[in-house]
Amino acid sequence: MQSKLNKIAKDTNFFLKAFIKNQKKSNLIVPMSYGLFSGGKKIRSKILIDIGSLFGIGYKQLITIGAAVECIHAYSLIHDDLPCMDNDKMRRGKPSTHIKFGESTAVLAGNSLLTMAFEILSYPGLNLNEKIKNNLINKISRCAGHLGIAGGQYLDLNYEHKKISKKKIIDMEIKKTGKLFSFCCAVPLILKKRNRSEVQKFENIGADIGLLFQVADDIIDYKGNSFVAGKKTGKDKKKGKATLISLLGYENTIKYAKNLILKINNKVRKYGPNSKNLLETLNYILNRNK
């Protein structure tokens, strides 16, 4: 599993470095690169490739689309770490972007990574017709904005030190984390021009995968080691974050996560033997320590 992730990370970073190199230089390239090439595992791109393998989508095409996803993910982390958000000084074992370059530069670098995702999806090297490109850009925009990542982060901050229902916590975590996974799962069906109901089915699978990822992240914060995780742990409880662990307890949250994996696996295994790649990734997500 780790070797597969390493290959995807290497290929994604190779594309992104070449893409940035071909752009005009600016003062924001260095902080953008700092946030983008910070050693992330590229699990979202792995999910994209896992689902793509169910439908025979080419690896190179998926790496390019995954690069756009990673730009948006990096932007969200840079902004999440800001003092006005989660105020995290460490990310992946090194100073957060705003600690390294200052708050205003971090905001601008994050904004630039967000818009670069749209550049990648619209550039000529991605050999897709314009209608499909527009569909992808529309979909990823919804996942990144007030209906997705930004809206989920707003709820995450707004729910601190409040008693929040399970339904609302799940909705918040799906927006904050699940929507980008929903995009990754929908992409192969969009490329294959499948009908709206089938695309929606895989968007829902992606939402469950994102929820699993967020639950695993909350577990790391609850029981993980700061040195191994590369960021401060135990902060959710201190900040009064609304998480499934705070509501259900540790053991019940583990059971919930394992049931999510069973639910997802039951939905995708009928698509053939390649579904085992996704199951492997899901188990990795739950059992990771950083």
Are there any helices (runs of 4 or more DSSP H) wholly within region 1-74 with 2 or more residues that are within 27 Å of K193 (Cβ to Cβ) and touching a Cys at 6+ places or on another chain (Cβ under 6 Å), and if so which?
43-54
Where the second residue is modelled with pLDDT of 90 or more and of a type in the set (S, T, Y) and the first is under 22 Å from G39 (Cβ atoms) and surrounded by 17 or more Cβ atoms within 10 Å (Cβ to Cβ) and lies in region 228-246, which pairs have Cβ atoms under 9 Å and are six or more apart or on separate chains?
K231/S96
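When you check N158 against the structure, is it of a type in the set (S, T, N, Q), surrounded by fewer than 18 Cβ atoms within 10 Å (Cβ to Cβ) and at pLDDT 95 or above, yes or no?
Considered against the rule, which asks whether it is of a type in the set (S, T, N, Q), surrounded by fewer than 18 Cβ atoms within 10 Å (Cβ to Cβ) and at pLDDT 95 or above, N158 comes out as yes.
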Between residues in region 103-131 that are under 20 Å from M85 (Cβ atoms) and in contact (Cβ under 8 Å) with a residue 24 or more places away in the chain and residues that are of a type outside the set (D, E, K, R) and part of a loop (DSSP other than H, G, I, E, B), which pairs lie under 6 Å by C-beta distance while being six or more apart or on different chains?
L108/L28; A109/L28; S112/L28
Condition test on K133, is it of a type outside the set (A, V, I, L, M, F, W, C), modelled with pLDDT of 95 or more, within 23 Å of R194 (Cα to Cα) and within 19 Å of the chain's Cα centre (by Cα)?
no
In region 234-290, how many residues are closer than 15 Å to I220 by Cβ and not charged (D, E, K, R)?
14
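The values are calculated or read from the model by the stated rules, or taken from the named source; none is laboratory data. Keep in mind that what you see is a predicted model, and the values were worked out from it rather than measured. Cβ coordinates were reconstructed from backbone atoms using ideal geometry, including for glycine residues, and neighbour counts include every protein chain displayed.
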